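The values are calculated or read from the model by the stated rules, or taken from the named source; none is laboratory data. All values derive from a computational prediction rather than experimental measurement. Because the Cβ atoms are built from the backbone with ideal geometry, glycine has one as well, and the counts that use them run over all protein chains shown.
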Amino acid sequence: MQMGDMPDFGTPMTTAYNALKNCDAGQKHIIIISDGDPAPPPVSLIKNMQSSKITCTGVVVFPHGGTDQKTLQWIAYQTGGRFYNVKDPNTLPQIFIKEAQVVRRSLIIEQPFVPKITNWLSETVRGLDTTLPKLDGFVLTGPKGGLTQLVMATDKGDPVLATGQMKLGRSVAFTSGAGARWAKDWVGGWGGYERFWEQVVRWAAKPSQAADCEIFADVEGRQVSITVDAVDAEGNFVQFADLVGQVVAPEMSVKELALTQIGPGRYRAGFQAGRSGSYLVNLRYRKAGAEGKTGMVQSVVTVPYAPEFRDLTDNTPLLAAVQQATGGRQLGPDPEKANLFEREGVSFPHTALPLTKHLFTGGARAVDGQVGRADGRQAVRPGGRRGAAAAGSRAKAARAGKTRRTARRGAQAGRARNRRPPPEAASGQTRGQAANERRHRPLRLRRYSDARGACRRRTALP
């Protein structure tokens, strides 16, 4: 191999193939890290790797184009490996470690082995014999790490029994069988079989509750009230020297719970539930007295959804009543076909508003605000209430006098018309011709005055 930019993948892959083809290993794997620029390897080399069961993983870093990436994809696909398109070079060590730990073994191992206890401090294997009977098979797994403890393993170190604390719960994994197929020596002639499984179940089960306490929960909306009654088996009240509580929400957040004694042997606390779900209440106490016995009690409080979520069906009669009362329309069940802006079938409401009151009110305000004189000139409004009353009286008297004068003038004009001969008689016109002439006579304007000021009225003069 020469240092620098590789011209093709054939030369380094041939070197790796020659080193692995005669190797007695369970897994033969090649990892290529490149920008994908070199030329593809020969097809004959790929076929030789397939026949020798040699896999190849391609890792492309900052390729020049799409064709460079496809070269490593083709190599990984033909040989049964993996392909990685790396955007961050800092992830290369994790990819290399992951590929180096690839296990190509069957997940079910059916061959006899003698399990070995690796953690004698675990409660699941307390009191068991040093040498355990053999097992005839197991499921191949790997250690998880973290808080998980490996308790029992095979002679090669593969896990058989593991325990772990998972948040508020516990879990146990036994990779072999409990029946006659893989554990016939355990079931038939081993005296520790029942004890082993009893300890495993007891360790993973819920811890026993203290008989001195009983928890009651009252849920009202989102407000939760916790009441603790402390009474022993003989019916006597129990006094606590220390009582500490915690509430674990559905999202695994923890809140402190402060309990207050409200009576003999009775304690109470409350908290606000943020969301619907199950809340775990943990209480730890220490009794008063010289002994100072401690204990723990747990309870689960379920906060339901809002009451409106209980009805899962629609109220069609109510919607129909609202539609008829408002003159609207009811949409169909399919929201895609509903046209919210369609006006067909929708009646717009009309409200009749009487204007008489508003017109009279406006006229009265106009009379109070401005008083005219009989000669057409505008009078000055006196100040104060007395001046306004006097101006109103004068305006009322002026209107009454004008009305009487208008009535007298109308009566005199009527009597004069009755005595006057018709115009058509003097001019020799017929009655129809005179009427037509009056219809087409131009209009004149005559000025008249009233209490509200000078106005102009259009009238036809004979």
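Odds and ends about this structure:
- Leu161 touching a helix residue (DSSP H, G or I) at 6+ places or on another chain (Cβ under 9 Å) and either in a strand (DSSP E or B) or under 21 Å from Tyr279 (Cβ atoms) (or both): yes
- If you check Gln94, Gln73, Gln78 for being closer than 30 Å to Lys21 by Cβ, more than 42 Å from the chain's Cα centre (by Cα) and assigned by TED's automatic domain parsing to the domain that holds Ala25, only one passes: Gln78.
- Of all residues in region 212-221, those that are touching a residue at least 24 places away in the same chain (Cβ under 8 Å) and loosely packed, with under 13 Cβ neighbours inside 10 Å total 0.
- Flag for Gly169 being over 17 Å from Pro115 (Cβ atoms), in the same structural domain as Glu123 (by TED's automatic domain parsing), at pLDDT below 90 and of a type in the set (Gly, Ala, Ser): yes
- Boolean, Ile33 is surrounded by fewer than 17 Cβ atoms within 10 Å (Cβ to Cβ), modelled with pLDDT under 90, aliphatic (A, V, I, L, M) and not in a helix (DSSP H, G or I): yes
- Region 222-253, residues that are modelled with pLDDT of 75 or more, of a type in the set (Gly, Ala, Ser) and surrounded by 11 or more Cβ atoms within 10 Å (Cβ to Cβ): Ser225, Ala230, Gly245, Ala249
- Complete set of residues in region 267-292 that are over 23 Å from the mean Cα position of the chain (by Cα) and exposed (fewer than 14 other Cβ atoms within 10 Å of the Cβ): Ala288, Gly289, Ala290, Glu291, Gly292
- Matching residues, region 36-67, being under 11 Å from Thr79 (Cβ atoms), buried (at least 19 other Cβ atoms within 10 Å of the Cβ) and not aliphatic (A, V, I, L, M): Pro41, Thr55, Cys56, Thr57, Gly58
- Scan of region 54-85 for residues that are hydroxyl-bearing (Ser, Thr, Tyr), within 17 Å of Ala39 (Cα to Cα) and assigned to a strand (DSSP E or B), ordered by number: Thr57
- Selection status of Val367, of a type in the set (A, V, I, L, M, F, W, C), at pLDDT below 75 and either in the same structural domain as Gly221 (by TED's automatic domain parsing) or in a loop (DSSP other than H, G, I, E, B) (or both): no
- Restricting attention to region 316-363, the residues that are of a type in the set (S, T, N, Q) and at pLDDT below 80 total 6.
- Scanning region 135-158 for residues that are of a type in the set (Val, Ile, Thr) and either touching a Cys at 6+ places or on another chain (Cβ under 6 Å) or in a loop (DSSP other than H, G, I, E, B) (or both) yields Thr141, Thr148, Thr154.
- Meets criteria (more than 38 Å from the chain's Cα centre (by Cα), at pLDDT 75 or above and of a type in the set (Val, Ile, Thr)) for Val200: yes
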